[in-house]
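Reading through the structure tokens given below for one structure.
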Amino acid sequence: MEKKDLKIVFLGTPDFAVYSLDRIVSGGYNVAAVVTMPDKPAGRGKKIMQSPVKQYAVEHGLPVLQPEKLKDKEFVEQLRAINADLFIVIAFRMLPEIVWQMPRLGTFNLHASLLPRYRGAAPINWAVINGDTETGVTTFFLKHEIDTGDIIAREKIEIGPDDNVGDVHDRLMVLGADLTVATIDSILDGSLKTISQEQMAAMENTEPTPAPKIFHETCRIDWARPARDVHNLVRGMSPYPGAWSIVADGNNEPFSMKIYQTRPTGEPSAGIPGSIVIDGRRLLVNTADTKIEILTLQAPGKRRMTADEYLRGWRYESPRFTI
């Protein structure tokens, strides 16, 4: 079968998915339709916003479907009428069986981890938070349980000790597009081979791990942990949604501060965890073992700034981060 004869439906929403969609379209593959989330109000003005995938699809003249409910009878019939050979899912909602079983060649997903590690909504964040030194992308066929289907292919990258989740996201976005196209080609030329995640786990002597959704409380810094753990949490939440902590002193109302960049100093802590040390133009915090330096932060009502900029207006006498 030729590229132009393979009828594809692409399902995705954010920028991460757009990169792969562009590689598919520019590569000459036949994208018969794009499925993405409905338009929704966003920002202070509640302006109706289109998803990045929809914006790309409209710009390139691709048919767009935006169902509120994926089991909706009208939507399911629209999909059936397309008579696609293959569905490709990247950063989208969980699909019902009636949808993912529809195409004759199946439905594959691109996931931003080395499955079976980090199954779930936030695989990149958790790989960085846990201090992993490598991660990657995986294509796999969908089945009932989320992120458990047979693996088609994987590609790895290294995670540097100071990489944040944004750095890793951007590299995986490019790598994922390459793997998506390679997976389509393996389906076209008949070279595709799969391996179950149970077999992969046994080969690598590892266990499946979860990557649950990130909530506000997940982002709170625990200064009673070692400095390296604090550093990993901060970079695992940067640039979004941002790690945070409560600043308190005896004379002012406590307030929440977001912290986007830190540096473990290796200097032994000299106070209770969370206590702040101002060393010239450096903002240091005691942890369970060593001090950590805050490099970039954002206070309420302020722009994001360096600690040096923030300290120019410092007015606190005995500040500390609560734990």
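The values are calculated or read from the model by the stated rules, or taken from the named source; none is laboratory data. Keep in mind it's a predicted model, so treat the numbers as computed, not measured. Here the Cβ positions follow ideal geometry from the backbone for every residue, glycine too, while neighbour counts run over all protein chains shown. Only protein heavy atoms, including side chains, enter the accessible area calculation; ligands, DNA and RNA are left aside. Shrake-Rupley method; radii C 1.70, N 1.55, O 1.52, S 1.80 Å.
Observations on the model:
- The equivalent ellipsoid that matches the C-alpha gyration tensor of region 145-272 spans semi-axes of 40, 16, 15 angstrom, in descending order.
- Counted over region 5-94, the DSSP beta bridges are approximately 20% antiparallel.
- Assuming charge only on the beta carbon of Lys and Arg (+1) and of Asp and Glu (-1), the dipole of the chain about its Cα centre is about 980 debye to the nearest 20.
- Whole-Å distance, taken between Cα centres, linking region 23-58 and region 161-207: 24
- Measuring spread by the Cα atoms of region 181-254 yields a radius of gyration and Dmax of 21.3, 71 Å.
- Over region 15-163, relative contact order from alpha-carbon pairs under 8 Å, at least 6 apart, %: 16
- Evaluated over region 141-193, the Cα radius of gyration and Dmax, each in Å: 13.8, 41
- Region 230-323, relative contact order in percent, only Cα pairs under 8 angstrom and at least six apart counted: 29
- Between region 116-158 and region 210-245, the alpha-carbon centres lie 20 Å apart.
- Over the chain, the reciprocal of the mean inverse Cα-Cα separation, the Kirkwood hydrodynamic radius, stands at 21.8 Å.
- Computed over the chain: relative contact order in percent, which uses C-alpha pairs under 8 Å that are six or more apart: 13
- Counting only DSSP H runs of at least 4 residues, each contributing -39500 (n - 2.57), and dividing by the residue count of the chain, the helix-based mean residue ellipticity at 222 nm comes to -8000 deg cm²/dmol.
- Positive minus negative residues near Ile246 (Lys, Arg vs Asp, Glu; Cβ under 10 Å): +2
- Accessible surface comparison of Ser26, Ser275, probe 1.4 Å, protein chains only, largest first: the order is Ser26, Ser275.
- Contour excess over end-to-end distance, with Cα ends at Arg44 and Leu311 and 0.36 nm allotted per residue: 93.1 nm
- Here the accessible area is traced with a 1.4 Å probe on the protein chains. For region 59-128, carbon and sulfur cover 49 percent of it.
- Proximal charge balance of Ile323 [Cβ under 10 Å; K/R count +1, D/E count -1]: +2
- Percent of alpha-carbon pairs separated by more than 13 Å within region 115-159: 56
- His169 - accessible surface, heavy atoms, 1.4 Å probe, Å² rounded to 10: 60
- J(HN,Hα) series, region 15-30, from Karplus relation 6.51 cos²θ - 1.76 cosθ + 1.60, nearest Hz, glycine and proline x: 4, 4, 7, 4, 4, 5, 4, 5, 5, 5, 5, 5, x, x, 7, 8
- Annotation: amide H-H contacts under 5 Å for Glu267 (H modelled 1.01 Å from N, sequence separation of 5 or more, or interchain): Lys291.
- Among Ser256, Ser113, the sequence by solvent-accessible area, most first, with a 1.4 Å probe is Ser256, Ser113.
- With the Kirkwood sum run over all distinct C-alpha pairs, region 210-323 has a hydrodynamic radius of 14.1 Å.
- Coordinate range along principal axes, alpha carbons of region 1-108, Å, largest first: 49, 32, 20
- Annotation: Arg312 carries an accessible surface of approximately 150 Å², with a 1.4 Å probe and no ligand, DNA or RNA atoms counted.
- For region 77-101 and region 246-270, distance of Cα centres in Å: 47
- Area of Val181 that stays accessible when all protein chains are in place (1.4 Å probe, Å², to 10): 20
- Region 174-323, accessible surface, carbon-and-sulfur percent (1.4 angstrom probe): 52
- Computed over neighbours whose Cβ is under 15 Å from that of Ile129, the net charge equals -2, Lys and Arg +1, Asp and Glu -1.
- Prolate/oblate/rounded call for region 96-176, Cα gyration tensor, a/c under 1.5 rounded: prolate
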